[in-house]
Amino acid sequence: MRERIDKIKSRTLLFEVIVFLFLFIIGARSFQLQLLKGSYYSRLAKANATFKMDLKAPRGRIYDRKGKLLVENRASFSLAIIKAFSRSPADTLERISKIIKIPQSILLNRFYKYRDYPGKKPITIAENLSIRQVSFIEAHKEKFPGIVIQVEPVRYYIYPEAFSHILGYVGEASPFDIKKFGVDMGDMVGKKGLERAYEKSLEGIKGHRLYIRDSLGNPIRIEEEILPVEGAPLYTTVDLRLQRFIYNRLKNRKGGAIVLKPETGEILAMVSSPSFNSNLMSSRFNNEYKLEIMKDKNYPLYNRTIQGIYPIGSIFKLAIAAAALYKKVVTPGTKIFCPGFFRFGGRDFRCWQSGGHGWVDLYTAIEQSCNVYFYKMGANLGIENIVDVVSRFPFGEKTGVDLPNEKRGIMPSPEWKKSTLGVQWFPGDTISLSIGQGYLVATPLQTALFGAMIANRGWYPVPHFVRKVGNKIVNKGKRIDTGIAPEIFEEIIKGMKRVIERGTGKSAYIPGIEICGKTGTAQVVALEKTREVKPHSLFIAFTPCKNPEIVVFVIVERSGAGSEFAAPIVKDIIRFYYNEKNI
């Protein structure tokens, strides 16, 4: 009996030990889970029950010089899918495609484009949803697992074509953009124009919302919210009314126009024609329009004012005049006979006036744009003296304007020709250069700055479009001095005044308004020898001649003489400027 009792006690003790050990293990594990790793598992549980959605920051607004709004942001409903919450994206997208009227194949292409996205990051697959579409999707959430509606700020250009080459447009960040600007895949960044140049200032700071989700991934409650911060506004130098006037004046032509203040470098207007629609280019999914624009043989995306490089024709004669006076090769009163040609190196270089201009001095040569006078000036100067003087002018180097993708142009020299073309400089090259032909090419902005240099009697500013970013003043009017005496430019200006009064630029004359100008007619090389190609028409002017307020440059591609096409446009621009000023 006793043995049986001892046996029972032994088994009871063993059972108690086992129970104790079991309870100890459970307690220890509970201690580990709740106290030692409690915060870890709490975060893990919260992460499974929540997801974070970025709140896109509105980009900074852009204003003209008088505070008129040019670019703003408008709220738009976009549709996104979250991979982690959609068991079968293809099925979900098939159902949603019938609601938003976009084929499933297109939605799938957009979805798979971002296959490397984090699982809980919303992938935008449609934009600009209607209120009716949004209401239906929200009312039937259970049918569209992983689908979320986002309200995003979308860039809106109030004058989408008139300002397109200044403002540019936005688009989805490329891998290069992501690295350069530190943005995320799918973010919208500036692609051209001021949108690109001032991207870091305009982009703003993102916010986010932390959502509690249901079993289907649908947000049911906001756990945390940090609102985004709008980007800094840009206050530009551009005049809205002047810009729109010039845009309409150049419409249906190929060319460009620039109006700037010679003293400060502020650009009042800049038009490149043809143009494009900034709103359509900024659409995330409007590939049809983008493809159409890119295939357009008139190259509307090409900003002719800073990327187009053109021979500037007779406008360059003013540079030769400055060099000849500076090097004392000629005085303003020195007369040269023009018989209609200049014989040099065994060939005749023709004047545009076949019968010749007779005896001409500097003023008459500028007034009548006499080729022979400037042929002789170029020959007497020699290429070394020309390069020594003209290299101080705004040719062959970027102007420093606050827009991306500016071209340098070419200010030719013997060294340039040898290194670039592998051949020597010939004396005939100097003769061609003397009237702005040959290898010399410049952007319209460089040519406008050349006009500003003459207007300022020997110095020119760095051109710019933006005066302030937020409350910070930028572009404080840096200037470049040529080191050439103002008196030399005074003599050239006398000739430019006569151009308008009775010379080749009479078509730009406006009674009661003092204007100094110069025509340019630049020959174009035809790609097909059998086809005749009209020259580019150019005109540079500033007004008034003393203490000038504006410089205006216009080029109309392949149209004809500078006096026939560009000069009347410049005349209209100047008249509009003064009419607006007097309002």
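The table for this structure:
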item: Any hit, the range 347-366, residues being surrounded by fewer than 18 Cβ atoms within 10 Å (Cβ to Cβ) and within 37 Å of the chain's Cα centre (by Cα); result: no
item: Single residue of the range 105-146 satisfying the filter (among the acidic types (D, E) and under 34 Å from the mean Cα position of the chain (by Cα)) that is nearest to S86 (Cα to Cα); result: D116
item: Unmet requirement for Y289, which otherwise passes all of (1) touching a helix residue (DSSP H, G or I) at 6+ places or on another chain (Cβ under 9 Å); (2) buried (at least 16 other Cβ atoms within 10 Å of the Cβ); (3) of a type in the set (F, W, Y); (4) under 30 Å from A75 (Cβ atoms); result: (2)
item: Qualifying residue in the range 451-470 (condition: more than 23 Å from V556 (Cβ to Cβ), out of contact with any helix residue (DSSP H, G or I) (no Cβ under 9 Å at 6 or more places or on another chain) and loosely packed, with under 14 Cβ neighbours inside 10 Å); result: no
item: Test: G438 is closer than 30 Å to K200 by Cα and assigned to a loop (DSSP other than H, G, I, E, B); result: no
item: Pairs with Cβ under 9 Å, 6+ apart, first in the range 546-564 and touching a residue at least 24 places away in the same chain (Cβ under 8 Å), second acidic (D, E) and not in a strand (DSSP E or B); result: K546/E514; P548/E263; E549/E263
item: Hits in the range 280-314 (condition: among the β-branched types (V, I, T) and closer than 17 Å to K192 by Cα); result: I293, T305, I306
item: Looking only at the range 254-271, and only at residues there that are in contact with a helix residue (DSSP H, G or I) (Cβ under 9 Å, 6 or more places away or on another chain) and of a type in the set (D, E, K, R), the one that is nearest to Y578 (Cα to Cα); result: K261
item: Pair list, Cβ < 9 Å and 6+ apart or interchain, from the range 332-344 residues that are exposed (fewer than 12 other Cβ atoms within 10 Å of the Cβ) to residues that are part of a strand (DSSP E or B); result: R343/F349
item: Criterion: out of contact with any Cys (no Cβ under 8 Å at 6 or more places or on another chain), β-branched (V, I, T), surrounded by 13 or more Cβ atoms within 10 Å (Cβ to Cβ) and assigned by TED's automatic domain parsing to the domain that holds V551 - qualifying residue of I515, I493, I500, I488; result: I488
item: Filtered residue count, the range 220-242, keeping only those that are within 30 Å of the chain's Cα centre (by Cα) and in a strand (DSSP E or B); result: 4
item: Where a residue in the range 360-387 is under 22 Å from E501 (Cβ atoms) and its partner, wherever it lies, is in a helix (DSSP H, G or I) and of a type in the set (F, W, Y), with Cβ under 9 Å and at least six apart; result: V360/Y373; D361/Y373; L362/Y373; T364/Y373; A365/Y373; A365/F374; I366/Y373; F374/F316
item: Test for C545: is it under 33 Å from the mean Cα position of the chain (by Cα), over 20 Å from P444 (Cα atoms), surrounded by 14 or more Cβ atoms within 10 Å (Cβ to Cβ) and at pLDDT 95 or above; result: yes
item: Residue match in the range 271-290 (condition: modelled with pLDDT under 95 and of a type in the set (A, V, I, L, M, F, W, C)); result: yes
item: Hits in the range 392-437 - residues which are surrounded by 21 or more Cβ atoms within 10 Å (Cβ to Cβ) and of a type in the set (A, V, I, L, M, F, W, C); result: F393, F395, V401, L403, M411, I431, L433, I435
item: Residues satisfying the stated conditions in the range 175-193, i.e. modelled with pLDDT under 95 and part of a loop (DSSP other than H, G, I, E, B); result: G182, V183, D184, M185, G186, D187
item: Matching residues in the range 464-482 - criterion: being more than 19 Å from E406 (Cβ to Cβ) and among the charged types (D, E, K, R); result: R467, K468, K472, K476, D481
item: Residue tally, condition within 23 Å of H464 (Cβ to Cβ) and within 16 Å of the chain's Cα centre (by Cα), over the range 172-217; result: 15
item: Which listed residue, of E161, E152, is of a type in the set (D, E), assigned to a strand (DSSP E or B) and in contact (Cβ under 8 Å) with a residue 60 or more places away in the chain; result: E152
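Quick grid of which residues meet (1) outside the structural domain of I383 (by TED's automatic domain parsing); (2) of a type outside the set (G, A, S):
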| residue | (1), (2) |
| --- | --- |
| F285 | yes, yes |
| K290 | yes, yes |
| G313 | no, no |
| F316 | no, yes |
| I320 | no, yes |
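Residue-by-condition table, conditions (1) in contact with a Cys (Cβ under 7 Å, 6 or more places away or on another chain); (2) farther than 30 Å from A566 by Cβ; (3) in contact (Cβ under 8 Å) with a residue 60 or more places away in the chain; (4) not in a strand (DSSP E or B):
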site	(1), (2), (3), (4)
L210	no, yes, yes, no
I246	no, no, yes, yes
R253	no, no, yes, yes
G256	no, no, yes, no
V259	no, no, yes, no
T264	no, no, yes, yes
M270	no, no, yes, no
S283	no, yes, yes, yes
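The values are calculated or read from the model by the stated rules, or taken from the named source; none is laboratory data. Predicted, not measured: the structure shown is a model, and the values here were computed from it. Note: ideal-geometry Cβ built from the backbone for every residue, glycine included; neighbour counts use all protein chains shown.
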